[in-house]
Each structure stands twice: as C-alpha cells, then as structure tokens.
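Here's the structure we're looking at; comments come further down.
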Amino acid sequence: MNDQNLIKPKRDQTAEQRKAAASKAGKAAAKKRREKKQMQEIAKIVLHMPFEGTDAQLDDLEGLSFEDYPDRKLTVSEISILKVAKKAMRGDIAAIQFLRDTAGEKPVEQIEVSADIGAACDEIGKLIEAKRDADKG
C-alpha cells in the first residue's frame, strides 16, 4: 500500500491545503449550479415553444437529426431535453413530468395543518377509543 496516495484528514492538512481543497470544491459546486440552471432554462424554452401542427407534423419531428445543424454544438443536456420533449409531445406522461419538473414548474405539494389543537386531540382520542373497541370485540 502506498500511504502517499491517501487523502489526509482535514485536521492533518495545513491551512493552505484546506483552502485549496475548499476552493476546488466551491468551483465544482458553482459549475454544477450553472449546469442545473442552464438545463432548467432549456426545459422552460422547450416547454413554452409554440407548436401549431398536426400529428403528421409531429411525425416529421421524429426525423429531426442534430446533424442538420453542423454550426451548432449541442450539449448532452440540450440533446436530452429535446429527445424528452419529443416523447412528451407523443403523450408520454413521465416525459411531460420530467420537463415540467426540470423547468422548475412542479406544483407545490401542501399539507394542511390544523391550528385547532384541541379538536385534533379529540379526534386522536376518538381514533384510539375506536381501536380499543375493535381490539376487544
């Protein structure tokens, strides 16, 4: 085993080494945030594109090739979003949900909490009594 290749615990690193590691981590996190934001923007654009076509024109989209745009270098995320958009336009619910969620338009799931603690306690008590009665009988 080569101990020189092992990562030292932070407590064994110098302040300079910790600073360099933190800087590297910060840059990686910023890059990831930029990529996520870019994917979100692409998904929003695709979701809000006007399409005034028929099913036959939708079939024509299947023949769309990214080689048709040699000047444009598409990223993997852009190609992925476009492929998912094609599936969504065909009615694939999972693809529709993916685009909606990626675009940041996912509906908020809410749980209503009653402010009336007394009523909630009474309801819990009734449920406990019903359970006891069911167990006895």
Please tell me if Ala130 is modelled with pLDDT of 85 or more and within 18 Å of the chain's Cα centre (by Cα). no
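Only one of Gly91, Gly104, Gly125 is modelled with pLDDT of 85 or more, surrounded by 10 or more Cβ atoms within 10 Å (Cβ to Cβ) and not in a helix (DSSP H, G or I); which?
Gly104
The values are calculated or read from the model by the stated rules, or taken from the named source; none is laboratory data. Treat the numbers as computed from the prediction; the structure is a model and nothing was measured. Note that we place each Cβ from the backbone using ideal geometry, even for glycine, and neighbour counts take in every protein chain shown.
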